[in-house]
Structure formats: C-alpha cells, structure tokens
C-alpha cells in the first residue's frame, strides 16, 4: 500500500479547485487528513483515489456552471453545436469540473479520465494550445 501524502495544493490541482476549497473539505470532514508537526494538512493518496473513484462512478452529471475563465472547459471546446459530447459527460474531467483537463494526466484511466481527445502529448492538443495561448495573453500560468 502506497504511503504517498498530498498537500492541500496538490489535491486542489488534482480536483481543479483552490487549496482553500480542499482545506474547507478537510475542516468540514469531507476528506480525512492528518497534520504535520508544522500544522500543515496532508491527505493520503488512497483517500484521494477513493474520492476520485466515487466521483467517476456517479451516474448523473449536472451540466457545468458558468465560470470566470476566459476560455471554455475541454468538453465545451469539443462540444457539438453547443452540446457536450456524451463521452465527455462521463469523463472524470467533466464530473470534477477540473480547470484544465491536461492536469488530470496522472490520474489512472480506470478512475474515469478517458482522454478522449488525447492523440499524443498535451503539446499536440488543439485545446491545450488554445488554453496556453489564452493564458499567456493574460499572463497566467497554465499549470
């Protein structure tokens, strides 16, 4: 069994939320976590894998809510006539509302990240190129 521990920042990137959101989840008891001697929270890899697995196994998925991003999510980028493709709605990226699909690459396929539009590397993806260009125009870091 792996003993890998994640910081709130690392967990936030995995779920596409802010570290404060992860901290709120910990404090509300939604995610069990331990504390370091310095008082920082650490979350076990198995805990995050289990949570991702539960999210991936959900049957119903709500449509995404409007965001402050200046660019669409990957499922919006690849939509057809403004409607998400069925496969996208079953993907972990859509279910977790991950900010950038390419940040989910470390997530095993068995947990629901289907990589439907991944041909080779992220750098070859039209969506990745689009986001990278938008972020460089606004001086934000894509990762």
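Scanning the stretch 116-137 for residues that are surrounded by 15 or more Cβ atoms within 10 Å (Cβ to Cβ) and part of a loop (DSSP other than H, G, I, E, B), which turns out modelled with the highest pLDDT? Outline the logic, then answer.
First, pick out the residues of the stretch 116-137 that are surrounded by 15 or more Cβ atoms within 10 Å (Cβ to Cβ): 116-118, 122, 125, 127-128, 131-132, 134-135.
From the residues that got through so far, the ones that are part of a loop (DSSP other than H, G, I, E, B) too are 116-118, 125.
On the way: 116: 75, 117: 74, 118: 75, 125: 83.
So, considering only residues that are surrounded by 15 or more Cβ atoms within 10 Å (Cβ to Cβ) and part of a loop (DSSP other than H, G, I, E, B), the one modelled with the highest pLDDT is 125.
Among the residues making up the stretch 72-85, those that are surrounded by 17 or more Cβ atoms within 10 Å (Cβ to Cβ) and either assigned to a loop (DSSP other than H, G, I, E, B) or in contact with a strand residue (DSSP E or B) (Cβ under 7 Å, 6 or more places away or on another chain) (or both) are 73, 78, 84. Close Cβ contacts (under 6 Å, 6 or more residues apart or on different chains) running from residues in the stretch 18-40 that are under 24 Å from residue 103 (Cβ atoms) to residues that are exposed (fewer than 10 other Cβ atoms within 10 Å of the Cβ) are absent.
A quick yes/no check of all residues on (1) at pLDDT 80 or above; (2) buried (at least 16 other Cβ atoms within 10 Å of the Cβ); (3) in a loop (DSSP other than H, G, I, E, B):
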{"site": "2", "(1), (2), (3)": "no, no, yes"}
{"site": "38", "(1), (2), (3)": "yes, no, yes"}
{"site": "53", "(1), (2), (3)": "no, no, no"}
{"site": "61", "(1), (2), (3)": "no, no, yes"}
{"site": "68", "(1), (2), (3)": "no, no, yes"}
{"site": "87", "(1), (2), (3)": "no, no, no"}
{"site": "95", "(1), (2), (3)": "no, yes, no"}
{"site": "110", "(1), (2), (3)": "no, no, no"}
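The values are calculated or read from the model by the stated rules, or taken from the named source; none is laboratory data. Here the structure is a predicted model, which is why all the values come from computation and not from measurement. No Cβ is skipped: glycine too gets one built from the backbone with ideal geometry, and neighbour counts run over all protein chains shown.
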